[in-house]
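*Asks:* Quick one: the structure is below, and I'll ask about it shortly.
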Amino acid sequence: MSNLGGVCCWRPVWGDTGQCIWHADVAQKPTRKLQTAAPEIGERLDGAIFRDVELSGGDWLAGKTITDARFVNCNLENTDLSGADLRYSHFEGVDAQGVDLRGANLEHGEFHRTDLRSADLCGARLHYAVFDNARIDESTTLGRNVVYEEELLEGAEDGRIATFRRRRADRDKDRLSRYEAAHWTYNELQRLAEENGLTEQSRNYYMKRKSVRRREAWEFRSYPKAVAKEAWRWTTGYGSNPWRVIATSAVVILLCGLLYPLTSGVMEPTAEVTMVYKLSPSNGLYLNAIYVLKSIYFSVVTFATLGYGDMQPVHGWARALSATEALLGQLLMALLVFVLTRNVTWSE
């Protein structure tokens, strides 16, 4: 399952179990004997079984290959497992508080009822790792970015060299797989943070997941998707920032307010005469400034779809602009309500 190839256990049989001390499916194996029999770097312990074993504080499994292992009701508190290959391993009922998993490969691993508070998972590979009823807290360290995103950022810097060294198709396939791994991992970490009530971390992983998809779209020239994601980012902060929606609304109002007097303008009927607010060099600076302010007022009314009726667009372009602004106003107001609702949900 680990894609490392088959391996046969050559170690001596332990007691009357018929298997070595690592693969015997018995509880409470003596820690001292396990430590004495610890393999050298490069040796493999595929399928090792640790059931009700005290492993806290040890560092003799760091950097070892222990794929498809089973840790059941073990104490891994403050254990050093950094750099270990733990792919396809199963953790159930494990106390892993303060465990050091930096740089460990945990892909396809399963964590059931595992306490990972204060654990250090910086640089750990977590693609397809499943966290079921696992516990983390603010002191659980996962690094600024997941390892797959770090590799993508590093690969982007030497992408031209890599293109010459490998076929372009192979490089693209490799980067696509890393994008998928980064997206999947951020999604799982977001769910894990939500389950543990870590609102800020959950939002952070959500933002990073969206950012990975945006960069992927740009890199692989999916321009319509990339532009849509870029617009979603700048106008709403990926649906999480109400201030960006408000700022976008203000930009739309101001831009339309400046465009109205540059087109056919807007008019305001009065008791004596109908005023048309349209910029002209003959009006002078003061009068043109008044016309712009009047147009901005009309832009606010149009954006908010208030429909006072005191001012109207003149002819084609101004009418088309006002209709577009009214539609954008409804859309942005709906987005603002959506973002505010999401923020309330995140804050609870």
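The values are calculated or read from the model by the stated rules, or taken from the named source; none is laboratory data. Since we're looking at a predicted model, the values are computed, not measured. Reconstructed Cβ throughout: ideal geometry from the backbone, glycine too, with neighbour counts over all protein chains shown. Please note that ligands, DNA and RNA were not included when accessible areas were found on the heavy atoms of the full protein model with its side chains. Shrake-Rupley method; radii C 1.70, N 1.55, O 1.52, S 1.80 Å.
*Asks:* For segment 1-107, what does the relative contact order come out to in percent, with C-alpha contacts under 8 Å and a separation of six or more?
*Replies:* Once normalised by length, the contact order is 20 percent.
*Asks:* Moving on to the next point. Pairing the Cα long axis of helix 242-259 with the longest principal axis of the chain, what angle in degrees results, from 0 to 90 and rounded to the nearest 10?
*Replies:* Helix 242-259 sits roughly 30 degrees off the main axis of the chain.
*Asks:* Gain in length, E180 to L259, computed as 0.36 nm per residue apart minus the alpha-carbon separation, to one decimal in nm?
*Replies:* Length gained between E180 and L259: 24.1 nm.
*Asks:* Sorting R209, R168, R32, R51 by accessible area (1.4 Å probe), largest first, what list results?
*Replies:* R32, R168, R51, R209
*Asks:* Same structure, new question: Note the angle between two axes, namely the Cα long axis of helix 223-236 and the longest principal axis of the Cα atoms of the chain, as a number of degrees from 0 to 90, rounded to the nearest 10.
*Replies:* The angle comes out near 80 degrees.
*Asks:* Quick one: angle between helix 168-195 and the longest Cα principal axis of the chain, in degrees between 0 and 90, rounded to 10, please.
*Replies:* 90
*Asks:* To continue, here is another question. Where does each of S280, S322 land when they are ordered by accessible area, with a 1.4 Å probe and the largest first?
*Replies:* Ranking S280, S322 by accessible area, largest first, yields S280, S322.
*Asks:* Would you work out what percent of the accessible area of segment 65-105, with all protein chains in place, is carbon or sulfur (probe 1.4 Å)?
*Replies:* 30
*Asks:* Tell me the label-point distance for the pair L331, Y128, using the 7 Å Cα-to-Cβ offset, in nm and rounded to one decimal.
*Replies:* A separation of 4.0 nm, rounded to one decimal place.
*Asks:* Moving on. Run through the DSSP bridge list for segment 32-189 and note the antiparallel percent, rounded to the nearest 5.
*Replies:* Antiparallel bridges make up about 0 percent of those DSSP assigns within segment 32-189.
*Asks:* Something else now. Got a number for the accessible area of K29? Probe 1.4 Å, square angstrom, nearest 10.
*Replies:* 10
*Asks:* Moving on to the next point. Starting from one equal scatterer on each C-alpha and no solvent at all, send me the Debye-based log10 I(q)/I(0) for the chain at q = 0.07, 0.11 Å⁻¹, two decimals.
*Replies:* -0.50, -0.84
*Asks:* Sticking with this structure for a sec: For segment 100-160, report the translational diffusion coefficient in µm²/s to the nearest whole number, using Stokes-Einstein at 37 °C, 0.692 mPa s, and a Kirkwood Rh over Cα pairs.
*Replies:* My calculation gives 264 µm²/s for D.
*Asks:* Once the convex hull of the C-alpha atoms of segment 1-135 is built, how many Å³ does it hold per residue, rounded to a whole number?
*Replies:* Expressed per residue, the convex hull around the Cα atoms of segment 1-135 is 93 Å³.
*Asks:* So which lysines pass the test for K278, namely a Cα distance under 29 Å, with those fewer than 8 places away in the same chain ruled out?
*Replies:* In chain and number order, the partners are K294.
*Asks:* So how much slack lies between R342 and W232, counting 0.36 nm per residue of separation and subtracting their Cα-Cα distance, in nm?
*Replies:* 38.1 nm
*Asks:* Let me ask something else about it. Using a 1.4 angstrom probe and counting only protein chains, how large is the accessible area of D25 in Å², to 10?
*Replies:* About 80 Å², rounded to the nearest 10.
*Asks:* If you average the alpha carbon positions of segment 196-214 and of segment 77-138, how far apart do those two centres end up, in angstrom?
*Replies:* Value for the Cα centre distance between the two parts: 19 Å.
*Asks:* While we're on this one: Could you report the accessible area of I246 in Å², rounded to 10, computed with a 1.4 Å probe on the protein chains as they sit in the structure?
*Replies:* Accessible surface of I246 is approximately 70 Å².
*Asks:* Quote the charge dipole size of the chain about the Cα centre in Debye, to the nearest 20; the model charges only the Cβ of Lys and Arg (+1) and of Asp and Glu (-1).
*Replies:* Dipole size: approximately 1380 debye.
*Asks:* To make sure I understand the rule: partners must be lysines, Cα under 21 Å from the Cα of K64, and not fewer than 8 residues away in the same chain. Which ones qualify?
*Replies:* Straight-distance partners of K64: K29, K33.
*Asks:* With every protein chain kept in the model, how would you rank R102, R44 by accessible area, 1.4 Å probe, largest at the top?
*Replies:* The ordering from most to least exposed comes out as R102, R44.
*Asks:* Could you work out how much longer the chain between S282 and C9 gets when fully extended? Use 0.36 nm per residue separation minus the Cα distance between them, nm to one decimal.
*Replies:* Gain on stretching S282 to C9: 88.8 nm.
*Asks:* Follow-up. Which whole-number value in Å² is the accessible area per residue of the chain, probe 1.4 Å?
*Replies:* Per residue, the chain has an accessible area of 53 Å².
*Asks:* Cross-link candidates for K229: which lysines have Cα within less than 24 Å, leaving aside residues fewer than 8 places away along the same chain?
*Replies:* K173, K208, K210
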